1. In the Gaussian network model of the chain, springs joining C-alpha atoms below 10 Å, which of Leu17, Leu73, Leu59 carries the largest mean-square fluctuation?
2. Looking at the chain, do any whole DSSP H helices span at least 15 angstrom along their long axis by alpha carbon and average -1.0 or above on Kyte-Doolittle, and which?
3. What is the local net charge at Arg64, summed over the other residues whose Cβ is closer than 13 Å to its Cβ (Lys, Arg +1; Asp, Glu -1)?
4. Hey, of (1) 72, 18, 14; (2) 30, 18, 14; (3) 34, 22, 13, which did the structure itself give for semi-axes √(5λ) of the Cα gyration tensor in Å when calculated?
5. Select from the range 68-125 those trypsin sites (Lys or Arg not before Pro) which occupy a DSSP coil region and have at most 16 other Cβ atoms within 10 Å, ordered by residue number.
6. Calculate the dipole size of the range 37-183 relative to its Cα centre from +1 charges on Lys and Arg beta carbons and -1 charges on Asp and Glu beta carbons; express the result in debye to the nearest 20.
7. Expressed as a whole percentage, what fraction of the accessible surface of the chain belongs to carbon and sulfur atoms when a 1.4 Å probe is rolled over the protein heavy atoms?
8. I need the calculated FRET efficiency for the pair Leu170 and Glu126, taking r as the beta carbon distance and R₀ as 30 Å, to the nearest 0.05.
Amino acid sequence: ETIRSTVGELETSNEELKSSNEEMMSMNEELQSANQELTTANEELNGKVAEVRQVYTDLANFIRSTQIATVVLDSDLRLRTFTPEAQTMFRFVPADQGRRIDDIGTDLRIEELMRDLRDTVGTEREIETEYDSRDGDRVWKARIVPYARSGGLTGGIVFTLVDITDLRHLAREAERQTDAARR
């Protein structure tokens with residue numbers, strides 16, 4: 001009787017172990033399925049990261065090849081980013097990110113620039129104009145446009161500056177020669 005009782009208990013324990021084993025095998029299959037889903041999602045994510053890296057590299061090369069001074073500001077006119085060429089007229093350092101543009105040293109007449117930047121933020125319209133340096137030796141053609149975000153929203157300003165000092169000198173010289181020819 002004791003042996004039968006023990007055998008019965010062992011059979012019951014064995015059944016419980018079989019049931020637990022089946023549950024663990026079922027959980028293992030679920031984990032393997034979840035792992036496969038995560039692996040697939042990770043592969044897709046790695047593909048997207050590679051695409052973003054390629055787009056970033058393309059954009060960085062495009063910006064470098066244009067050699068145009070470009071400055072990106074947020075809607076409070078705080079510096080977000082800039083191209084190396086912008087450092088020819090602003091005294092930018094990486095620590096300037098987040099500072100207001102009028103707190104950063106520049107060779108431009110900052111009052112005129114600030115007026116146009118505020119106007120673009122307020123009206124969201126593009127402005128094309130020229131700015132002289134403080135000493136009057138240099139002239140830059142500027143284009144100020146709203147920073148376009150997805151969904152048609154604006155999130156600041158992007159402005160570009162191109163040195164046109166030589167062009168202005170050539171235009172003045174052409175005017176002088178034209179006047180001389182008329183005389």
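The values are calculated or read from the model by the stated rules, or taken from the named source; none is laboratory data. Computed from a predicted model, the values in this text were never measured in an experiment. Note: ideal-geometry Cβ built from the backbone for every residue, glycine included; neighbour counts use all protein chains shown. Ligands, DNA and RNA are excluded from the accessible area calculation, which covers all protein heavy atoms including side chains. Shrake-Rupley method; radii C 1.70, N 1.55, O 1.52, S 1.80 Å.
1. Its mean-square fluctuation being the largest, the pick is Leu17.
2. 2-66, 110-123
3. After counting each charged neighbour, the total is -2.
4. Answer label, from the structure shown: (1).
5. Loop-located and lightly packed - Arg91, Arg99, Arg109, Arg125.
6. Approximately 320 debye in magnitude.
7. 50
8. For Leu170 and Glu126, the calculated efficiency is 0.70.
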